[in-house]
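Take a look at the structure below.
The numbers here are math on the coordinates, done by the rules we state, and not lab data. Predicted model, so just to flag it, every value in this text is computed and none were measured. Don't worry about glycine lacking a Cβ; one is built from the backbone with ideal geometry, like all the others, and counts go over all protein chains shown.
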Amino acid sequence: MVDLPLNATPVDFAFAIHSDVGNRISGAKVNGKMAPFNTVLHNGDIVEIETRKSARPTKKWLDYARTTLARRHIRNALGQGEKTK
């Protein structure tokens, strides 16, 4: 079980597991069905994250991320550090 804030997404979930999972997310399933990265998660949802070594965060992921942790890791991966340039 992973505790996430209200309106969290599969992107937030992936980074809550580990930054390596978040940085390599290539797809997500919510309750057994493929789901876009901006899907809002609900209490009790079963989330599966698919990863690829070649996958990398994109700037669009910042729109999907709700947690500070996920946003920080995405910015770092994009080379933006702690603040958006």
Segment 27-68 scanned against label point 7 Å out from Asp20 along Cα→C-beta; backbone N under 12 Å for 53
Within segment 3-56, trypsin sites (Lys or Arg not before Pro) in DSSP loop having at most 11 other beta-carbon neighbours inside 10 Å: Arg52, Lys53
Report the FRET efficiency, 1/(1 + (r/R0)^6), for Glu48 and Gln80, where r is their Cβ-Cβ distance and R0 is 41 Å, rounded to 0.05. 0.90
When the chain is fully extended, how far beyond the present Cα-Cα distance does Asn7 get from Lys29, taking 0.36 nm per residue of separation? 6.3 nm
Based solely on its DSSP helices, what 222 nm [θ] is calculated for the chain when runs of n ≥ 4 H residues each add -39,500 (n - 2.57) and the sum is averaged over all residues, nearest 500 deg cm²/dmol? -8000 deg cm²/dmol
List the aspartates and glutamates whose Cα lies under 14 Å from the Cα of Lys60, skipping any in the same chain that are fewer than 8 positions away. Asp12
Can you give me the relative contact order of the chain as a percent, contacts being Cα pairs under 8 Å and 6 or more apart? 32
Debye intensity ratio I(q)/I(0), log10, the chain, q values 0.13, 0.14 Å⁻¹ (C-alpha model): -0.35, -0.40
